[in-house]
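A.B. asks: Below: one structure in structure tokens.
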Amino acid sequence: MHNGILASLVAGALVAASAHAFAQDQAAIGEEVYEQHCQSCHGEKLRSAGAIPDLRELGENDRAKFDTMVMEGRGQMPAWQGIVSPQELDQLWAYVRSRAR
């Protein structure tokens, strides 16, 4: 019985560690996508000069808003639909969330 509980705890820890590593990988790739497509307007490491919205202020519940802004554009920001893939959008979101305040 104790071995089963221990095995479950170890398996759970491994899954959690794997998920964390995956999120870190996604954020690292997202940083590259950000540098390629977003940095010129939104600033290095998401540090806006003030005229552009600070992406670090997006909360975890702002994913739909983020997706719409990126894919459809907003104000001066162009639409990235057809340029940024759905996978890159996920990676960008992971990067933004990794740097959230």
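A.B. asks: Which value does Rg/Rh take for segment 57-101 over its C-alpha atoms, Rh per Kirkwood?
C.D. replies: 0.96
A.B. asks: Right, another one. Can you list the chymotrypsin sites (Phe, Trp or Tyr not before Pro) in segment 34-83 that are in a DSSP coil and have 11 or fewer other beta carbons within 10 angstrom?
C.D. replies: Filter output for segment 34-83: empty list.
A.B. asks: So for R99, R56, what's the accessible-area order with a 1.4 Å probe, most first?
C.D. replies: These residues rank, largest area first, as R99, R56.
A.B. asks: Any idea how far apart Q87 and D67 come out in nm if each label point goes 7 Å out from Cα toward Cβ?
C.D. replies: 1.8 nm
A.B. asks: Two decimals is fine: what's Rg over Rh for segment 26-101, C-alpha atoms, Kirkwood radius as Rh?
C.D. replies: Rg/Rh: 0.91.
The values are calculated or read from the model by the stated rules, or taken from the named source; none is laboratory data. This is a predicted model, so every value here is computed, not measured. Methodologically, a virtual Cβ is constructed for each residue, glycine included, from the backbone with ideal geometry; neighbour enumeration extends over all protein chains shown. Please note that ligands, DNA and RNA were not included when accessible areas were found on the heavy atoms of the full protein model with its side chains. Shrake-Rupley method; radii C 1.70, N 1.55, O 1.52, S 1.80 Å.
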